[in-house]
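The values are calculated or read from the model by the stated rules, or taken from the named source; none is laboratory data. Here the structure is a predicted model, which is why all the values come from computation and not from measurement. Note that we place each Cβ from the backbone using ideal geometry, even for glycine, and neighbour counts take in every protein chain shown. Surface areas here come from the heavy atoms of the whole protein model, side chains and all, with no ligands, DNA or RNA. Shrake-Rupley method; radii C 1.70, N 1.55, O 1.52, S 1.80 Å.
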Amino acid sequence: PPQLIFIGVSLFLFAVASYLFIRFIPFLFTPEIILEKPGTENVVINFSQIEVAGYANHASSLTLNSEELYIEKNGKFSKTVELTEGINRLVFEAESIFGRKSEVVRKVVYIKN
C-alpha cells in the first residue's frame, strides 16, 4: 500500500505540473509571426491588392496596421489588403495574453501601370 500511495501521488503531481506547463506556455514564449505572403521584406507589384497570410504562434491578438486580424485555431491568418500607389508599410503586431509583443514589418511598393 505505501508504494501504491506513492505512485498515485506521483501521477497526480505529474498531471498537475503538466497542466500548469501547458497553460503557461504563452507566458514563457514571445508571440511569433510567420509570414508566408508576402514572403520577402520588400515587394514591388503592379496591382492594387495583395493577400497577406501566415501564422501567429503563442498570440492572443494580431493586428495589421492597427486593424485586428482573425486568427484561426491553428494560428493561421489571411487578409486582402488594398494598397495605395507608392510605398505601403505593413506592420504586423502580435500580443500574448500576458502582454508580450512582437512585430514584423514588410514594405510593399505598388507601381501603377
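Brief remarks on what is shown
- Every residue from the stretch 39-49 that is in a strand (DSSP E or B) and either under 29 Å from Ile97 (Cβ atoms) or open to solvent by less than 70 Å² (accessible area, probe 1.4 Å) (or both): Val43, Ile45
- Pairs, first within 14 Å of Val81 (Cβ to Cβ) and assigned to a strand (DSSP E or B) in the stretch 96-110, second basic (Lys, Arg) and modelled with pLDDT of 85 or more, C-beta under 6 Å, six or more apart: Lys107/Arg89
- Subset of the stretch 89-98 (residues that are modelled with pLDDT under 90 and either surrounded by fewer than 10 Cβ atoms within 10 Å (Cβ to Cβ) or out of contact with any Ser or Thr (no Cβ under 7 Å at 6 or more places or on another chain) (or both)): Phe98
- Residue in the stretch 26-46 that is within 28 Å of Asn113 (Cα to Cα), modelled with pLDDT under 90 and touching an Asp or Glu at 6+ places or on another chain (Cβ under 7 Å) present: yes
- Only one of the numbered conditions (1) within 10 Å of the chain's Cα centre (by Cα); (2) open to solvent by 100 Å² or more (accessible area, probe 1.4 Å); (3) not basic (Lys, Arg) is not met by Ile5, and that is (1).
Here is a yes/no grid of residues against (1) surrounded by fewer than 15 Cβ atoms within 10 Å (Cβ to Cβ); (2) among the basic types (Lys, Arg):
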{"site": "Arg23", "(1), (2)": "yes, yes"}
{"site": "Lys37", "(1), (2)": "yes, yes"}
{"site": "Glu51", "(1), (2)": "yes, no"}
{"site": "Glu67", "(1), (2)": "yes, no"}
{"site": "Glu82", "(1), (2)": "yes, no"}
{"site": "Ile87", "(1), (2)": "yes, no"}
{"site": "Arg100", "(1), (2)": "no, yes"}
{"site": "Lys112", "(1), (2)": "yes, yes"}
